[in-house]
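Remarks on the structure that follows.
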Amino acid sequence: MKITLLGTGTSQGIPVIGSTHAVCLSKDPKDKRLRSSVLIEWDNYAYVIDCGPDFRQQMLAANVSNIDGILFTHYHADHTAGLDDIRPFSYKNGNVLFYAKYDVIENLKERFRYIFTTKNKYLGAPTVVLNEIENKPFQVQNMRVIPIEVLHGEVKIFGYRFNNFAYITDAKTISDKEIDKLQNLEVVIVNTLRIEEHPTHFNLQESLDFIKKINPKQAYLTHISYKLGFHAEVSKILPENVFLAYDGLSIEI
Ligand SMILES: [Zn+2]
Ligand SMILES: [Zn+2]
């Protein structure tokens, strides 16, 4: 399995438009972060988790010529706003497979009505197949995927486990029952917003505490705000098995 971090930034990305903060002005390419998403490839399959506003740019940067589907963590715009740009894949292969829970599907239908409508659908619109999932394992091709329910403030959202890899973004709290599903991981990718606390996202201390609890071989931090600091500086203060992710990073498991 190959994991590519397509984006590692929080909702506005880094740099934030118009910001004069030193991290937003940094010349280090690792301080430039598109909105958070990952590409997961195994056998001949390619799936992305989330489809934010930078999706088109991310597909071009990673030289992706095919995806089979998208798993959604939640409906916030930084995870869904790129949906129109799946068209090259639906034109080429037909339906793109979506996996999401009920509230996400309802939200997408409202915001992207032209994609889901059956009446007078515009021929140029993407074509998709909706797979509604619940908090129990489901099959994606030959892969058993386990949803991990986490709280994003008050909103229940999903992370996903694929074999010994898990991707969790936008978490603020995770119950012990869900943490039990995250044992024996080779790699976890988990959100870390900044140093100070935030009502709906892990700060650095909270994500390090979470990583300690599940004890994976390696952990990568994503969904990062410029307020976390410079990539090079923050990397120095992390525990041995914890790394700051950056856009374009690939991990083979
Ligand atoms: Zn987000
Ligand atoms: Zn969110």
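Structure notes:
- In the set Val38, Val23, only one residue is assigned to a strand (DSSP E or B) and among the hydrophobic types (A, V, I, L, M, F, W, C); that residue is Val38.
- Matching entry among Ala22, Ala77 (being within 16 Å of ligand 2 (Cβ to nearest atom) and surrounded by fewer than 18 Cβ atoms within 10 Å (Cβ to Cβ)): Ala77
- Pairs, first touching a residue at least 40 places away in the same chain (Cβ under 8 Å) in the range 43-61, second outside any helix (DSSP H, G or I) and surrounded by fewer than 16 Cβ atoms within 10 Å (Cβ to Cβ), C-beta under 7 Å, six or more apart: Asp43/Asn142; Tyr45/Gln141
- Hits in the range 118-133 (condition: farther than 21 Å from Val48 by Cβ and open to solvent by 50 Å² or more (accessible area, probe 1.4 Å)): Thr118, Lys119, Asn120, Lys121, Tyr122, Leu123
The values are calculated or read from the model by the stated rules, or taken from the named source; none is laboratory data. Since we're looking at a predicted model, the values are computed, not measured. Neighbour counts are summed over all protein chains in view; Cβ atoms, including those assigned to glycine, are modelled from backbone coordinates with ideal geometry. When the accessible area is computed, the model is the full protein with side chains, heavy atoms only, and any ligands, DNA or RNA have been set aside. Shrake-Rupley method; radii C 1.70, N 1.55, O 1.52, S 1.80 Å.
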